[in-house]
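> Could you have a look at this structure, given as structure tokens, before my questions?
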């Protein structure tokens, strides 16, 4: 049997968009306790912020510990972007941006082609923000020219938000071209890069991004517990006093890091230690390009095997990411997803149900600490389950 890179654990393998399978060394990093105000821990937090900015092409910032006193960190920015860590899931960080960056008289345009775009619109409306959506079918990329037309036609739009890799399907939206349209319209550009950051190359400045949001438990292969925002410094300064919540006040969170290097409220210390180890492993793999190469290989193996079994991909190949893939339920009678899922789980493999509004589908992720050999093991398990369900491999459709 081919050796996989995840055999150091007896856990089930997660073929999901996150939380996902992590390395043994990332897990072991959580076996240590850390004081949230300890200098060593604060150095770890500082290094996490620096490394995240580098991944986004925004460079590092210089920080030094003051001699004497409480050992507070005095940070002097070098580049135009800042990194703000936020306790909670990725959705918490998105809501932090939406509820902090948009003024009371602002207006948000959400570009929607999946469930996670709809979620942003929902949270904006909860906060009383005037919100419009530009809706695109779930199997189509958002068209930059359509965005430009809406921005020109609709009065008063101050902010625009889009999902980079829409996890509903795995489609990748052209955030660079959309960013150019948003910049021409004079609006602030918000990008949810939850399922792409760290695996799909992206330069913040080149894409005209003002706020980018992602999470610890996605392509950087950490564990759940916090998310992060990479933001233009000027936009952060504009957000002062705009927050509609206390704990999700993005400017106040950033100001706390700048004043003493600390979180305002209890940080997820163990998740941060694990994430720092995950960042070291990303660097050792060759950075974003190296990780993307492994994920591409995982995806290629998956698509070949699924096609051989007769499963039909929901997206056209040119629109499909190598992050997560969506497959239609087989048309042939006898396929019951709940049974398919449960049998795979019993064999040690976890996939995801679908999230589409109009079609019955399921999803398979190819990110996390997985190799092509892990994908082949999943495919072998699928063939076995299909045979047990009376659906011979190759005739699923």
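Every number here is computed from the coordinates shown, using simple stated rules; none is lab data. In this text the structure is predicted, and so the values were computed from the model without any measurement. Cβ sites come from the backbone with ideal geometry, for glycine too, and all protein chains shown count toward neighbours.
> Could you state the angle between the C-alpha long axis of helix 250-260 and the longest principal axis of the C-alpha atoms of the chain, as a value from 0 to 90 degrees rounded to the nearest 10?
Approximately 60 degrees, to the nearest 10.
> Right, here's the next one. Counting only C-alpha contacts under 8 Å and six or more residues apart, can you give the relative contact order of the stretch 32-283 as a whole percent? Before the final figure, lay out each step's value.
Working: 514 pairs, mean separation 65.4, N = 252.
Normalised by residue count, the contact order of the stretch 32-283 is 26 percent.
> For residue 360 and residue 293 in one chain, what is 0.36 nm times their gap in residues minus the Cα-Cα distance, to one decimal in nm?
Values: separation 67, 0.36 × 67 = 24.12 nm, distance 3.01 nm.
My answer for the length gained is 21.1 nm.
> OK, next. Which of 91, 269 has the fewest other C-beta atoms within 10 Å, and how do the rest follow up to the most?
Numbers: 91 17, 269 20.
Ranked by crowding around the Cβ, least crowded first: 91, 269.
> What's the extension gain from residue 32 to residue 266 if we count 0.36 nm per residue and subtract their Cα-Cα distance? Write out the running numbers ahead of the final one.
Details: separation 234, 0.36 × 234 = 84.24 nm, distance 1.66 nm.
Length gained, residue 32 through residue 266: 82.6 nm.
> Given the -39500 (n - 2.57) contribution per DSSP H run of 4+ residues, what per-residue ellipticity at 222 nm results for the chain, rounded to the nearest 500 deg cm²/dmol? Provide the component values of the computation, followed by the final result.
Values: 12 runs with 148 residues, N = 397.
Helix-only estimate at 222 nm: -11500 deg cm²/dmol.
> Describe numerically, in nm with one decimal, the distance between label points set 7 Å from Cα along Cα→Cβ at residue 24 and at residue 80.
4.6 nm
> For residue 387 and residue 140, calculate 0.36 nm times their separation in residues minus their Cα-Cα distance, and state this gained length in nm to one decimal.
Details: separation 247, 0.36 × 247 = 88.92 nm, distance 3.37 nm.
Contour length minus Cα-Cα distance gives 85.6 nm.
> Between residue 345 and residue 247, what is the spin-label point distance in nm, taking each point 7 Å from the Cα along the Cα→C-beta axis?
In this crude label model, residue 345 to residue 247 measures out at 2.8 nm.
> On to the next question. What is the calculated FRET efficiency for residue 338 to residue 122, with r their C-beta to C-beta distance and R₀ = 22 Å, to the nearest 0.05?
So the FRET efficiency works out to roughly 0.20.
> May I ask you to order 295-308, 195-208, 157-170 by the average number of other C-beta atoms within 10 Å around their residues, highest value first?
In descending order of packing, they fall as 157-170, 195-208, 295-308.
> Taking R0 as 22 Å, what FRET efficiency do you get between residue 153 and residue 105 from their Cβ-Cβ distance, rounded to the nearest 0.05? Display every interim value, and only then the final one.
Numbers: r = 20 Å, r/R0 = 0.90.
The formula returns an efficiency of 0.65 here.
> Roughly what % of DSSP beta bridges within the stretch 32-283 run antiparallel, to the nearest 5? Could you put the intermediate results ahead of the total?
Working: 18 of 35 bridges.
Percent antiparallel among DSSP bridges in the stretch 32-283 is about 50.
> If you take the square roots of the eigenvalues of the alpha-carbon gyration tensor of the chain and sort them as a ≥ b ≥ c, do you get rounded (a/c under 1.5), prolate (a/b over b/c) or oblate? Could you put the intermediate results ahead of the total?
Values: a/c = 2.22, a/b = 1.32, b/c = 1.68.
Taking the square roots of the gyration eigenvalues as a ≥ b ≥ c, the chain is oblate.
> For the chain, with a Gaussian network of springs between Cα atoms less than 10 Å apart, report the residue from 323, 209, 220 with the top mean-square fluctuation.
In the Gaussian network model the winner is 209.
> Would you give the gap between the C-alpha center of the stretch 358-381 and the C-alpha center of the stretch 277-335, rounded to a whole Å?
7 Å
> With the Cα gyration tensor of the stretch 179-263 giving a ≥ b ≥ c as the square roots of its eigenvalues, does the rule (a/c under 1.5 for rounded; else a/b larger than b/c for prolate; else oblate) give rounded, prolate or oblate? Please report the intermediate quantities before stating the final value.
Working: a/c = 2.05, a/b = 1.06, b/c = 1.93.
Verdict is oblate for the stretch 179-263.
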